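Below: one structure, written as structure tokens.
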Amino acid sequence: MNIPQNIIDELIEQAEKDAPLESCGYLLGSESGDVTENYPMENIDHSSEHFSFAPKDQFAALRYARSQGLRILANWHSHPASPSRPSQEDLRLANDPSIRYAILSLLNGNVTLNSFRILNGEVVDKEIHL
């Protein structure tokens, strides 16, 4: 998955604004894996340790992506105070093997962004984006 710098900058801005709570959203793009848009969503858990999308926001994102000829390439969220790797909860809740799971860490002011393919609760591949 290719994430252009302007999209990475949007994710960082959103995560820093929402900290210490986790931010979340979808990364939308083409079949080839090029991200063209961040679709931010509210973390309805309002938590610094986990997130949930509002179902209405998920449906709106899917409708929007389809209307623009885009695919949901990744589910992303921030880890304001932990590394850019899936938590046990992230692994348990990652139930769509067709998308990546991107995690933006703000730990100690060191911004890192990795994405993961998760299958049956296990990371099967990792890409480093920042």
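In segment 60-100, the qualifying residues are those that are within 18 Å of Gly29 (Cβ to Cβ) and out of contact with any Leu (no Cβ under 9 Å at 6 or more places or on another chain), and the one that is most open to solvent (accessible area, probe 1.4 Å) is Arg66. The residues in segment 17-35 that are of a type outside the set (Gly, Ala, Ser) and within 14 Å of Trp76 (Cβ to Cβ) can be counted, and the count is 7.
Within segment 1-21, the set of residues being surrounded by fewer than 23 Cβ atoms within 10 Å (Cβ to Cβ) and among the aliphatic types (A, V, I, L, M) comprises Met1, Ile7, Ile8, Ile12, Ala19, Leu21.
Kindly evaluate Ala54 against the criterion of being small (Gly, Ala, Ser), over 19 Å from Glu127 (Cα atoms) and open to solvent by less than 30 Å² (accessible area, probe 1.4 Å). Here the answer is yes, as Ala54 does meet what is asked. Report every pair of residues separated by at least 6 positions or lying on different chains whose Cβ atoms are under 7 Å apart, first residue within segment 103-130 and without any contact (Cβ under 8 Å) to a residue 12 or more places away in the chain and closer than 19 Å to Arg92 by Cα, second part of a strand (DSSP E or B) and open to solvent by 20 Å² or more (accessible area, probe 1.4 Å). Correct list of pairs: Val124/Arg117; Asp125/Arg117. Which of the residues belonging to segment 22-48 are open to solvent by 60 Å² or more (accessible area, probe 1.4 Å) and either touching a helix residue (DSSP H, G or I) at 6+ places or on another chain (Cβ under 6 Å) or in contact (Cβ under 8 Å) with a residue 40 or more places away in the chain (or both)? Correct list: Glu31, Pro40.
The values are calculated or read from the model by the stated rules, or taken from the named source; none is laboratory data. What you see is a predicted model, and the numbers here were worked out from it, not measured in a lab. Note: ideal-geometry Cβ built from the backbone for every residue, glycine included; neighbour counts use all protein chains shown. We work out accessible area using only protein heavy atoms, side chains counted, and drop any ligands, DNA or RNA first. Shrake-Rupley method; radii C 1.70, N 1.55, O 1.52, S 1.80 Å.
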